Protein chains: 2
Amino acid sequence: MTPRRRDAAATRQALLEAARTRFTQVGYESTTLRDVAADVGVNLALIKRYFGSKEGLFKAALAASPRFLADLPPDRAALVGELTRQLAADSWPEFGEHPVLMLLRASGDPTVTAGRREAIEAAAARILAAAGPADSVPDALLRAELLVALGVGVAVLRSAVGAQPLTDAGPDALATPLRAVVDALLPDPHRP
Amino acid sequence: MTPRRRDAAATRQALLEAARTRFTQVGYESTTLRDVAADVGVNLALIKRYFGSKEGLFKAALAASPRFLADLPPDRAALVGELTRQLAADSWPEFGEHPVLMLLRASGDPTVTAGRREAIEAAAARILAAAGPADSVPDALLRAELLVALGVGVAVLRSAVGAQPLTDAGPDALATPLRAVVDALLPDPHRP
DNA sequence: CGGGCAAGTCATCATTTGTTGACTTGAGTT
DNA sequence: AACTCAAGTCAACAAATGATGACTTGCCCG
């Protein structure tokens, strides 16, 4: 290996990834900057240099994470497939943990909590847009948000709680019941 | 008011309630024993006296909380009603917060995390038992656990995230979509 | 009434942890 | 080879916090 020393960009990136893992796994409060620095093999003062503070590190790590329930296909048939893929924890190859968990384990910083609410509400809006015309059912947005709630709950039960049999269920086992839920919550406007 | 001084039972109870509120709202790490003691108007050393340690206080507060998705009626029709009631955050009159949140915001103590997993799995088993024969569908337990996941997600989105319109949705608005989900996940064996 | 004991307080300690300014080192440039 | 500046290290501080043992006070029982 060629341990590229004195590479600011690489160090910064490594810090981001270590921070994301810690924050996601043990939460904001239990993550210590010394641990993050040690993971990378770097001095803790570098975190201040690059991110200013612990809160800054958290926000940077959050911004570098994939969005929850983004990139949903506008095709209803493919929607269930993509939902299933994003709910399975091992479907984030480049990430060891489910990205939505970091949102939930955040600090109490007002900026973060507000952004979290917006991210959740935006996910519901994306689901609604992908599933069909919004006016098909009066409470369509509420129903879409219930679907987001299901996604959040699945992520929590799989990645944080480890509940069985849900944790070990593969995409195949999840797809069928998920399709039933999607059909129940978001009636297909083309199929009255 | 008659501030009953020197009443060990009352003081202990007050400490438990204050702790539950703090743990639920801001999580284990961010809850300080000084804050809990101050809420009750008592010295922090009493917490050690009654509960031994912070971890002991947490476990005692957890044990004093109502179980999530307990007391489900064995009647399928009433199941949705009870689910709806337990998902609405204001349906716990004696508690300001949803009890499932304290489970999620727990410390990393192995005893607690193991108990949490068991509590979730037991909730799924209770739903399954209330909804009908377990053998009606092969993956019935997985489906019941998805219902628990929905409950966890709804609790998180309502009480911790504050996502709209879900947070302001009342029992009436929730019952209809919830019934659709229950029917989709747990097919009624009496109605093939 | 007064002795005993539990209820409650006080002051303090040790540790953890975020923050910070001064210092050192290495790589590229001239 | 000397210079420069950013990358990185070091040591230390201050605040927060859980834990703890000694001390005080009020209630109850004889």
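Close contacts from region A:44-63, counting a first residue that is touching a residue at least 40 places away in the same chain (Cβ under 8 Å) and a second that is acidic (Asp, Glu), with Cβ to Cβ under 7 Å and a gap of 6+ residues or different chains, come to A:Glu55/A:Asp109. Of A:Ala123, A:Ala155, A:Ala144, A:Ala163, all but one fail to be buried (at least 23 other Cβ atoms within 10 Å of the Cβ), in a loop (DSSP other than H, G, I, E, B) and within 13 Å of chain B (Cβ to nearest Cβ); the exception is A:Ala163. Just one residue in the set A:Leu57, A:Leu15, A:Leu46, A:Leu104 is surrounded by 13 or more Cβ atoms within 10 Å (Cβ to Cβ) and under 30 Å from A:Ala184 (Cα atoms); that residue is A:Leu104. Considering only residues in region B:34-43 that are of a type in the set (Val, Ile, Thr) and near DNA strand C (Cβ under 9 Å from one of its atoms), the one that is surrounded by the most Cβ atoms within 10 Å (Cβ to Cβ) turns out to be B:Val40. Restricted to region B:176-192, and to residues there that are surrounded by fewer than 16 Cβ atoms within 10 Å (Cβ to Cβ) and in contact with a helix residue (DSSP H, G or I) (Cβ under 7 Å, 6 or more places away or on another chain), the residue that is modelled with the highest pLDDT is B:Asp188. Only residues that are more than 10 Å from every other protein chain (Cβ to nearest Cβ) and either of a type outside the set (Asp, Glu) or within 20 Å of A:Gly132 (Cα to Cα) (or both) were counted across region A:166-185, and they come to 3.
Between B:Thr113, B:Thr24, B:Thr84, B:Thr31, the distinction of being closer than 30 Å to B:Ala163 by Cα, of a type outside the set (A, V, I, L, M, F, W, C), within 16 Å of DNA strand C (Cβ to nearest atom) and within 14 Å of chain A (Cβ to nearest Cβ) belongs to B:Thr31 only.
Restricted to helices (runs of 4 or more DSSP H) entirely inside region B:2-111, those with at least 1 residues that are of a type in the set (Phe, Trp, Tyr) are B:8-26, B:45-51, B:54-63. When B:Ala155 is tested against the conditions (1) touching a residue at least 60 places away in the same chain (Cβ under 8 Å); (2) among the small types (Gly, Ala, Ser); (3) over 25 Å from B:Thr32 (Cα atoms), the lone failure is (3).
If you go through region B:27-43 and keep only what is without any contact (Cβ under 8 Å) to a residue 24 or more places away in the chain and within 12 Å of DNA strand D (Cβ to nearest atom), you end up with B:Ser30, B:Thr31, B:Thr32, B:Arg34, B:Asp35, B:Val36, B:Ala37, B:Ala38, B:Asn43.
The values are calculated or read from the model by the stated rules, or taken from the named source; none is laboratory data. Just so we're clear, the structure is a prediction, and the values are computed from it rather than from any experiment. In this analysis, Cβ positions are derived from the backbone assuming ideal geometry, glycine residues included, and neighbour counts consider all displayed protein chains.
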